[in-house]
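Below: the structure, in structure tokens.
The values are calculated or read from the model by the stated rules, or taken from the named source; none is laboratory data. Because the structure is predicted, anything quoted here is derived from the model rather than measured. Cβ: placed from backbone, ideal geometry, glycine included. Neighbour counts: every protein chain shown. Accessible surface areas use protein heavy atoms only, side chains included; no ligands, DNA or RNA. Shrake-Rupley method; radii C 1.70, N 1.55, O 1.52, S 1.80 Å.
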Amino acid sequence: MSDERDYEGFLRSRREEILERVAEAARRSGREPGEVGALAVSKTVGPEEVLLARRAGWDAFGENRPQELGRKLAALADEPEMAGVRFDMIGNLQKNKINQVIGRVSLIHSISSAHLAEAVSTRCEARGIVADVLLEVNVSGEASKSGLSPDEARSGAEAMAALPGIRVVGLMTMAPAGDADAARRTFSGLRELACELRARTGLPLETLSCGMSDDFEVAVEEGSTLVRLGRCVFDQGYALM
Ligand SMILES: *Cc1c(COP(=O)(O)O)cnc(C)c1O
């Protein structure tokens, strides 16, 4: 029990420090702190830790595997404290797993191809729902990263946005690890692409999902509206820089 309280205390003070840093970075970019949201990425922890994080103040979580998402939602379904808590799908989504995700998450961050957009739309239509989604763009061009190329986003955004079962509300990207300058270029590239796509399509594209534990302050400086934080939230061994 006392270990649990210690961990909850860690989660609470870490959250305050993270939100303070997000707020400062938002002000540096000329924005209000309230314009930037944060997801606690719970993929490496169990439902017990999610509940402690909820008690520590987190109200939005991100998962990257449909099966794990389902497992956590089931384990936490009867917890009154979890009422109204948001889960997002942030990871690679295979077509045969779409039905495990739609209707359960607030936002799918990882629409990485026109094919996937169509498949999600079709399955949502069959269920009579409309899913909020982000287009995942491989801004940095690394071969290891999934996502639409910026050119695919330019040529395909309008058609994807017209699909009846999805609402395209913004863009998502991942920056190269361990290189702050490359990360900054990736995030500013996402912001510029969003501007261009807004002009081209008339879509508001309000959400820019970018920034992880190692680079979230840079991401917010460059316009992120939603950071996705795993290690810095949950890992007591992770030192905030
Ligand atoms: C794991 C993960 C994160 C969080 O990464 P950290 O470096 O632990 O903050 C963010 N986004 C995606 C897509 C992830 O898979």
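For first residues located in segment 86-109 and at positive phi, partners that are open to solvent by 10 Å² or more (accessible area, probe 1.4 Å) and in a loop (DSSP other than H, G, I, E, B) and lie 6+ apart or on another chain with Cβ distances below 7 Å form the pairs 103/129. Scanning segment 34-50 for residues that are closer than 22 Å to residue 20 by Cα, more than 16 Å from the ligand (Cβ to nearest atom) and in contact (Cβ under 8 Å) with a residue 12 or more places away in the chain returns a single hit, 35. Number of residues in segment 93-103 that are assigned to a helix (DSSP H, G or I) and within 12 Å of the ligand (Cβ to nearest atom): the value is 0. Considering only residues that are more than 13 Å from the ligand (Cβ to nearest atom) and of a type in the set (S, T, N, Q), look in segment 211-236 and name the one that is most open to solvent (accessible area, probe 1.4 Å). Applying the filter and picking the extreme gives 236. The set of residues in segment 194-216 that are of a type outside the set (A, V, I, L, M, F, W, C), assigned to a loop (DSSP other than H, G, I, E, B) and either touching a Cys at 6+ places or on another chain (Cβ under 6 Å) or closer than 20 Å to residue 234 by Cβ (or both) comprises 211, 213, 214, 215. Among residues of segment 60-73 that are open to solvent by less than 40 Å² (accessible area, probe 1.4 Å), those with a Cβ under 6 angstrom from a residue that is of a type in the set (Lys, Arg) and within 13 Å of the ligand (Cβ to nearest atom), sequence gap 6+ or separate chain, pair up as 62/228; 63/43. Selection over segment 197-210 of residues that are open to solvent by 70 Å² or more (accessible area, probe 1.4 Å) and not small (Gly, Ala, Ser) gives a count of 4.
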